[in-house]
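For reference, the structure discussed in these notes is given below.
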Amino acid sequence: MRYINKIIIHCSASDRDCDDNIDTIRTWHKERGFTDIGYHFFITKDGKCHTGRPIEVVGAHCLNYNANSIGICLSGLTKFTEAQFETLRKKIRYFQNFIFDTANVRVSVHGHCEFA
């Protein structure tokens with residue numbers, strides 16, 4: 001397992017219903033030259049969490065911070081659902097507890113806007 005001390009939250013920058021799926025985001029990222037979707041997780045409007053890159057693999061979601069972070073993306077730009085936020089809270093709690101229990105590392109949570 002790689003060293004992780006951050007969770008970075010993103011939005012997909014689209015409120016269009018047709019963009020509310022991980023395959024669309026994966027296509028966008030591959031078109032930009034990524035080998036796969038840059039995020040580790042993608043949370044759709046219905047609150048379902050879809051796996052992108054395995055957490056063992058460095059993401060491509062936040063320049064200069066990919067090596068030590070997990071990237072989680074919420075579908076949307078200005079319209080998010082309570083189901084998304086509930087799933088996000090659960091994911092954050094899980095990884096903060098898991099990483100602290102296994103590696104004794106405190107994991108901080110950030111918005112992508114804090115870095116770029």
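Derived from the Cα gyration tensor, the three semi-axes of the equivalent ellipsoid of the stretch 23-116 are 20, 18, 12 Å, largest first. Do you know the relative contact order of the chain, to the nearest whole percent, from alpha carbon pairs under 8 angstrom that are 6+ apart? Rounded, it is 36 percent for the chain. Pull up the DSSP beta bridges for the chain and report the antiparallel fraction as a percent, rounded to 5. Looking only at bridges with both residues in the chain, the antiparallel portion is about 20 percent.
Model label sites at Asp17 and Glu114, defined 7 Å from Cα along the beta-carbon direction, differ in position by 3.5 nm. A 1.4 Å probe run over the protein chains yields, for the chain, 55 Å² of accessible area per residue, whole-number rounding. For the stretch 19-24, putting each phi into the Karplus relation 6.51 cos²θ - 1.76 cosθ + 1.60 with θ = phi - 60° gives couplings of 9, 8, 7, 5, 5, 5 Hz, in residue order, rounded to whole numbers and with x for Gly and Pro.
Helix 82-103 and the longest principal axis of the Cα set of the chain meet at an angle near 20°. Computed in the context of the full set of protein chains, the accessible area of the stretch 1-103 at 1.4 Å probe radius has 54% of its extent on carbon or sulfur. Near Val105, the amide H atoms lying under 5 Å from its own belong to Phe100; only residues 5 or more places off or on other chains count, and H is placed 1.01 Å from N. Couplings 3J(HN,Hα) of the stretch 39-45, computed from phi: 8, 7, 9, 9, 10, 7, 4 Hz, in residue order, whole Hz [Karplus 6.51 cos²θ - 1.76 cosθ + 1.60, θ = phi - 60°; x for Gly and Pro]. Taking amide hydrogens as placed 1.01 Å from N in the peptide plane, the amide H of Ile7 sits under 5 Å from those of Ile70, Ser108, Val109, His110, each at least 5 positions away in sequence or on another chain.
The values are calculated or read from the model by the stated rules, or taken from the named source; none is laboratory data. As the structure is a prediction and not an experimental result, all values here were calculated from the model. Cβ coordinates were reconstructed from backbone atoms using ideal geometry, including for glycine residues, and neighbour counts include every protein chain displayed. Quick note on the areas: whole protein, heavy atoms, side chains included, nothing else; ligands and nucleic acids left out. Shrake-Rupley method; radii C 1.70, N 1.55, O 1.52, S 1.80 Å.
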